[in-house]
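The values are calculated or read from the model by the stated rules, or taken from the named source; none is laboratory data. Just so it is clear, the model here is predicted, and its values are computed rather than measured. All Cβ positions, even for glycine, are placed from backbone atoms using ideal geometry, and neighbour counts span all protein chains on display. Protein only, heavy atoms only, side chains kept; ligands, DNA and RNA dropped before computing areas. Shrake-Rupley method; radii C 1.70, N 1.55, O 1.52, S 1.80 Å.
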Amino acid sequence: MKNPFPYFATAAALFLFGCGQSSQSGSEKTDSLAKLADTVISTGCFKAVDQQDTASLSVNTLGDGKVKGRLLINFQEKGKNDGEIEGVYKGDTLFVDYTFKIGTTNETVYKNPLALLKKDGKLILGVGQIETSLGRSYFVKGKPINFEKGRFTFAPVPCEQ
């Protein structure tokens, strides 16, 4: 019987070389996915008015399907809520976390979930039951979000530069 060592050594070398190549391409894939996640695919700007209250919303859709943007709500009697949104579309509904401050002197940061239904090119802010657990607020599972009672319907406007 021939010595099997050369065959075994050759197979092991090919296996190790192949593993090295795999991890290198995995690193390259991770880098390209990170670049894609930061790439803005589309931008939309919206305004809404409810009597004396106004709101403006900018939405950037990223290459990985996530959405980031800014929401400013000016309440006539309460002041303004100003902050960032981050979330994803699920079907025709945009679910985001809204991280914001109330007024200009308040340093407290709040974080609430929001849901916006995309309909006829507009975004309708929904109203749903929210609960908080372990410092995190979220919509109560199984409870519907009502888009007919929402105060703000955001219509598209040109983005300010």
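In the structure shown, the pairs LYS47/LYS118; LYS78/LYS119; LYS66/LYS118; LYS118/LYS149; LYS90/LYS118; LYS119/LYS149 are assessed against 18 Å; a Cα-Cα span above that value is assigned to LYS78/LYS119. Put simply, the amide H of GLY150, placed in the peptide plane, has neighbours under 5 Å in VAL127, leaving out anything fewer than 5 places away on its chain. Per the 1.4 Å probe, what fraction of the accessible area of region 104-161, in percent, lies on carbon and sulfur atoms? The computed percentage sits at 51. Note down the net charge around ALA55, summing +1 for each Lys or Arg and -1 for each Asp or Glu among other residues with Cβ under 14 Å from its Cβ. Charge balance in the 14 Å sphere: +3.
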